[in-house]
Amino acid sequence: MTAGGSNRLLTPEEVAAWLKVSEITVKNNYPAWGIKAQKIGRLLRFRERDIVAYLEENYR
């Protein structure tokens, strides 16, 4: 595990559960939040470390 989270890929559903928002909210707002997403085919995935960095920058 690297500092600030791992390289593990999370689904929008997992990110939504972590942030306690809906999956649609994650899908609609991740660009405005400045969270990078990975496209794997048609699937959207987020690196755990990017979510941790977002939370540390915005909610400390």
HN-Hα couplings for the range 13-18 via Karplus (6.51, -1.76, 1.60; θ = phi - 60°), in whole Hz with x for Gly/Pro, come out as 5, 5, 5, 4, 5, 5
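Quick one: putting +1 on the C-beta of Lys and Arg, -1 on the C-beta of Asp and Glu, what dipole do you get for the chain around its Cα centre, in Debye to the nearest 20? Before the final figure, lay out the partial values.
Numbers: 10 positive and 7 negative charges, 41 e Å.
So the dipole magnitude of the chain works out to roughly 200 debye.
Summing -39500 (n - 2.57) over the DSSP H runs of n ≥ 4 in the chain and dividing by its residue number, what mean residue ellipticity at 222 nm do you reach, to the nearest 500 deg cm²/dmol?
Values: 3 runs with 30 residues, N = 60.
So the helix-based figure for the chain works out to -14500 deg cm²/dmol.
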On each of the three principal axes the extent of the alpha-carbon atoms of the chain, given in whole Å and largest first, is 29, 21, 19
Sequence-separation-based contact order of the chain, relative, with Cα cut under 8 Å and 6+ spacing, percent:
42 percent
Residues with amide H under 5 Å from that of Arg47, placed H, sequence gap 5 or more:
Leu10, Gln38
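Only the coordinates and a few stated rules stand behind these numbers; no lab work does. The model shown is predicted, which means the values in this text are computed figures rather than measured ones. Positions of Cβ are generated from backbone atoms using ideal geometry, with glycine treated the same way; all protein chains shown enter the neighbour counts.
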